[in-house]
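Participant: One structure, as structure tokens, below. Some questions next.
The values are calculated or read from the model by the stated rules, or taken from the named source; none is laboratory data. Bear in mind the structure is a predicted one, so any value in this text is a computation, not a measurement. Please note: Cβ atoms are built from the backbone with ideal geometry, for glycine as well, and neighbour counts cover all protein chains shown.
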Amino acid sequence: MTTVIKVENLGKLYQLGIKQAMRDSLRDVIVDALKSPFRRFTRLRGKDTDGDDFFWALEGVSLEVREGEVLGIIGRNGAGKSTLLKLISRITEPTRGSIKIRGRVSSLLEVGTGFHPELTGGENIYLNGSILGMSRAEISRKYDEIVEFAEIGRFIDTPVKRYSSGMYVRLAFAVAAHLEPEILIVDEVLAVGDASFQKKCLKKMGTVAREGRTVLFVSHNMPSVQNLTTRCLLLEKGQVVMTAGTEEVIKKYMNDVAQADAQPVMELAEHPGRLAGMTPALRRIWMTGGEGNIVNVAPMGGEVTFHVEYEIDGTARQPIVGLIFETIHGSRIYGINNKVAPGAQVTDAPSRGMLSCHVPSLPLIAGDYFITVTFARSAERDIDWIERAYRFTVMPADVYGTGHIPRDCLGILYGEWTFSA
Amino acid sequence: MEDSHFDTVIESKQGWSPVDWRELWRFRELMFTLAWRDIKVRYKQTVLGAAWAIFQPFAGMVIFSVFLGSFVKVPSDNLPYPVFVYAGLLPWTFFANCVGGASNSILSEAHLISKIYFPRLVIPIASFGSKLFDFIISFFIMFLIMAYYRIFPGASALMTPLLVLFTLLTAFGIGTFFSALCVTYRDVRYIIPVIIQLWMYATPVVYPLSIVPARYRWIISLNPVAGLIDAYRSALFGKPFDWRSIGTSLAISLVFIVIGLAYFRKAEKRFADII
């Protein structure tokens with residue numbers, strides 16, 4: 001099959017802090033020029049790309065994508081995924097190298113780009129559609145289909161500022177889903193919207209892929225990468241680490257993440273999340289994995305232990321440590337302490353100690369979570385409380401051993417089914 | 001080479017690059033859609049709607065007629081001062097709004113620039129749409145005012161569409177230059193209204209060119225808007241066109257366009273990185 005995207009030795013150099021630098025002003029430039037007329041000159045001539053102020057967001061990236069292929073691009077934050085997509089979609093220019101493309105490209109780095117709150121849903125379909133590169137005639141032809149896909153019915157004549165966020169996203173995605181480019185570039189856009197609609201979109205994108213359209217797909221959501229792609233590219237620090245089958249690349253990525261993020265221990269003595277008026281009694285929190293090694297990434301259903309150290313003036317009497325688990329969106333999922341749960345019911349504890357909470361099988365689905373930690377000397381009153389003291393990541397895993405990874409919920413319910421007739 | 005089947009090649013381009021007019025033409029629908037959005041939004045947000053477009057030159061006319069027309073008694077080429085001044089304020093407001101709007105346009109579409117590709121020139125050009133719309137509305141008031149003073153336009157009024165095009169071209173050069181400059185230096189945005197304000201007084205809008213001493217007129221003729229405003233009055237009131245000054249204005253406008261486009265093309269490469 002023909003190669004439709006050919007990237008050779010691509011590099012993009014960014015200047016750190018340039019946004020701030022540019023935001024200051026013409027005045028500064030004039031003052032600078034008056035103060036030191038030669039500095040600007042030397043800077044222009046000099047080998048200014050060697051300085052600390054510059055960094056390569058991408059360096060020496062080469063790749064080929066064949067017609068009809070769905071290529072996943074994965075990597076940690078700052079690995080250069082978005083930069084790569086921005087270069088291929090021509091939003092910004094490369095510093096080095098070249099990209100050759102055959103066919104009409106549509107890029108979807110965001111849903112609802114250009115939506116105007118004052119305009120109605122219908123008007124925004126036209127606006128967003130033509131921003132995404134559809135012709136007016138094309139939009140008119142697909143209009144009814146888009147409205148139906150978005151499931152917003154009679155709200156089509158309402159300004160989108162009155163839409164719920166769900167409706168807004170559905171409309172935005174409906175427009176995007178009806179693009180018919182030869183090459184589709186999709187950034188993490190599915191992170192928004194409710195679960196059932198996400199599924200519908202994934203399905204629609206799957207159809208797109210089966211129609212022989214070429215898709216570049218960036219996501220942090222490994223199950224959807226697994227679902228949609230056959231081949232993946234792993235980026236790290238702006239360079240291609242690996243290009244291979246999806247399974248293999250995801251495995252390597254997970255491994256890398258688990259290792260790199262094994263940040264030892266969270267110090268709590270001066271944690272900014274401490275509520276006002278609290279006594280700083282909590283000292284440190286960390287998590288260990290099944291083998292007792294310190295981690296802050298765990299697989300779904302994995303064995304972990306949370307350790308909390310405290311130190312206080314005088315006796316701790318009956319120390320009670322509470323752990324409150326929250327999603328990054330702030331929904332509380334679990335709360336546990338050593339009074340409600342069995343184990344360490346201590347009396348007359350010394351002024352320093354550690355309480356550990358062993359979780360044999362972590363009942364959380366993939367994602368990032370925060371733990372809010374509390375401390376009390378007795379059952380009466382919390383004397384220390386740190387909001388979002390610790391953050392950890394849960395990686396997808398085949399917890400049921402069926403090959404299906406549960407998603408779209410918060411917890412994992414360990415159940416087995418039987419059938420009777 | 002086997003690479004010949006690719007139709008887009010993206011590479012770093014050094015130095016000056018010419019405008020890809022064919023690509024710009026391909027994006028004409030986006031231009032219209034953005035202009036249509038501006039008009040639509042403006043008329044949805046303001047209760048006054050169309051009245052707002054008229055208000056600006058009309059209020060100017062009333063104030064200048066009272067102070068300059070009646071009190072100071074500024075000459076007005078043998079026309080009633082309100083007619084004279086409205087005929088100046090009308091194209092001036094159009095020009096000033098075009099330049100002001102275009103200057104801010106790139107910054108105000110930052111979210112588009114950082115998320116999607118299209119020729120960036122689409123944005124300043126599209127910003128002219130709503131200004132043109134306002135101009136057309138306030139142009140009808142011109143005829144009402146003229147009718148009130150029993151002045152009737154002759155055949156020369158048919159020149160007006162050409163002058164509108166000319167105004168747009170002048171605003172295009174200056175507007176694209178400022179729009180790019182505003183992205184690079186954020187404080188320029190605050191200077192532009194001041195420049196436009198001062199520019200108005202340096203242009204024979206509220207006074208006739210005839211009160212400028214003859215030996216200084218060449219300075220005025222360097223201002224492309226001066227010849228333009230004069231030409232609007234010629235078209236409306238059937239006074240002979242000053243072809244020399246129109247020619248000079250046009251030539252200077254073209255120079256501005258070349259400078260504006262060259263700077264814009266150079267600066268636009270960095271828009272997405274610094275916006």
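Participant: Looking at the structure I just gave you, is A:ALA379 crowded, with 16+ Cβ neighbours inside 10 Å and at pLDDT below 85?
Facilitator: no
Participant: For A:PHE197, indicate whether it is in contact with a strand residue (DSSP E or B) (Cβ under 9 Å, 6 or more places away or on another chain), more than 22 Å from B:PHE32 (Cα to Cα), away from chain B (no Cβ under 14 Å) and surrounded by fewer than 21 Cβ atoms within 10 Å (Cβ to Cβ).
Facilitator: Judged against the criteria, A:PHE197 is not a match.
Participant: Looking at the structure I just gave you, is A:LEU58 surrounded by 22 or more Cβ atoms within 10 Å (Cβ to Cβ), modelled with pLDDT under 90 and either touching a helix residue (DSSP H, G or I) at 6+ places or on another chain (Cβ under 8 Å) or away from every other protein chain (no Cβ under 12 Å) (or both)?
Facilitator: Spelling it out, it is not the case that A:LEU58 is surrounded by 22 or more Cβ atoms within 10 Å (Cβ to Cβ), modelled with pLDDT under 90 and either touching a helix residue (DSSP H, G or I) at 6+ places or on another chain (Cβ under 8 Å) or away from every other protein chain (no Cβ under 12 Å) (or both).
Participant: Let me ask you something else. With A:GLY133, A:GLY153, A:GLY166, A:GLY129 as the choices, which residue is in contact with a Ser or Thr (Cβ under 6 Å, 6 or more places away or on another chain) and either more than 14 Å from every other protein chain (Cβ to nearest Cβ) or under 20 Å from A:ILE91 (Cβ atoms) (or both)?
Facilitator: A:GLY133
Participant: For region A:300-360, give me every one of the strands (runs of 3 or more DSSP E) that falls completely inside it and has 3 or more residues that are modelled with pLDDT of 90 or more and surrounded by 15 or more Cβ atoms within 10 Å (Cβ to Cβ).
Facilitator: Because the criterion is at least 3 residues that are modelled with pLDDT of 90 or more and surrounded by 15 or more Cβ atoms within 10 Å (Cβ to Cβ), the strands (runs of 3 or more DSSP E) in region A:300-360 that meet it are A:304-311, A:320-327, A:352-359.
Participant: Which residues, counting only those in region A:88-112, are at the interface with chain B (Cβ under 7 Å from one of its Cβ atoms) and either outside any loop (DSSP other than H, G, I, E, B) or without any contact (Cβ under 8 Å) to a residue 24 or more places away in the chain (or both)?
Facilitator: A:ARG90, A:ILE91, A:GLU93, A:ARG96, A:SER98, A:ILE99, A:LYS100, A:ILE101, A:SER107
Participant: Got a sec? Which of B:TRP25, B:TRP21 is within 14 Å of chain A (Cβ to nearest Cβ) and modelled with pLDDT of 90 or more?
Facilitator: So the residue among B:TRP25, B:TRP21 that is within 14 Å of chain A (Cβ to nearest Cβ) and modelled with pLDDT of 90 or more is B:TRP25.
Participant: Still on this structure, please answer the following. Among helices (runs of 4 or more DSSP H) lying entirely in region B:157-275, which contain 3 or more residues that are modelled with pLDDT of 90 or more?
Facilitator: Per the criteria, B:160-184, B:188-201, B:224-237, B:243-268.
Participant: Just checking, which of B:PRO57, B:PRO75 is within 23 Å of the chain's Cα centre (by Cα), in contact (Cβ under 8 Å) with a residue 12 or more places away in the chain and more than 14 Å from chain A (Cβ to nearest Cβ)?
Facilitator: The match here is B:PRO57.
Participant: Only one residue in B:ILE113, B:ILE136, B:ILE141, B:ILE174 is within 14 Å of chain A (Cβ to nearest Cβ) and either in contact with a strand residue (DSSP E or B) (Cβ under 6 Å, 6 or more places away or on another chain) or among the β-branched types (Val, Ile, Thr) (or both). Which one?
Facilitator: So the residue among B:ILE113, B:ILE136, B:ILE141, B:ILE174 that is within 14 Å of chain A (Cβ to nearest Cβ) and either in contact with a strand residue (DSSP E or B) (Cβ under 6 Å, 6 or more places away or on another chain) or among the β-branched types (Val, Ile, Thr) (or both) is B:ILE113.
Participant: Then there's this: Tell me whether region B:220-231 contains one or more residues that are in contact (Cβ under 8 Å) with a residue 60 or more places away in the chain and over 14 Å from the mean Cα position of the chain (by Cα).
Facilitator: Among the residues of region B:220-231, at least one is in contact (Cβ under 8 Å) with a residue 60 or more places away in the chain and over 14 Å from the mean Cα position of the chain (by Cα), which makes the answer yes.
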